[in-house]
Amino acid sequence: DSLDSLLATLHARLQSADARSMLHAAPRGRIRLQVDDEAFVLDLTQPDAAAERIARRVADAEEPRADVTISISGPDLSLLMQRRLSPFAALMQRRLKLSGGVK
């Protein structure tokens with residue numbers, strides 16, 4: 001499943017020292033990634049937390065309120081990850097949607 005692959009890749013990348021230093025410099029907040037019927041949360045409120053706590057799959061009932069929600073279909077997410085679809089093109093074609101406190 002490409003969503004499990006995405007989460008595994010994210011967890012692995014969050015282990016690096018470079019990623020950890022970026023997390024400390026990033027704005028604090030929660031980002032919800034909605035992919036079809038599944039949701040993931042990137043919790044950037046505690047940058048020293050374990051990778052599994054920062055990026056995790058959630059059910060709607062257990063999710064804390066997200067500051068920003070990113071919505072995309074599974075196939076379009078796969079194209080983005082393969083760099084066959086640019087984020088800008090996805091936004092302009094409304095294949096990638098942002099809502100919430102987007103600045």
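The values are calculated or read from the model by the stated rules, or taken from the named source; none is laboratory data. All of these numbers come straight from a predicted model, not from anything done at the bench. Every residue, glycine among them, receives a Cβ derived from its backbone with ideal geometry; neighbour counts consider all protein chains shown. Accessible surface areas use protein heavy atoms only, side chains included; no ligands, DNA or RNA. Shrake-Rupley method; radii C 1.70, N 1.55, O 1.52, S 1.80 Å.
Structural remarks
- In the full protein context, the chain carries 64 Å² of accessible surface per residue, based on a 1.4 Å probe and ignoring ligands, DNA and RNA.
- Positive-pole candidate from Val58, Leu23, Gln93, dipole of the chain, charges at beta carbon: Gln93
- Estimated translational D of the chain in µm²/s (Stokes, Kirkwood radius over Cα pairs; 25 °C; 0.890 mPa s): 171 µm²/s
- Counting only protein heavy atoms and a probe of 1.4 Å, the accessible surface of the chain is 55% carbon and sulfur.
- Once backbone amide H atoms are built at 1.01 Å from N, Leu96 has Leu91 as its partners under 5 Å, excluding neighbours fewer than 5 places away on the same chain.
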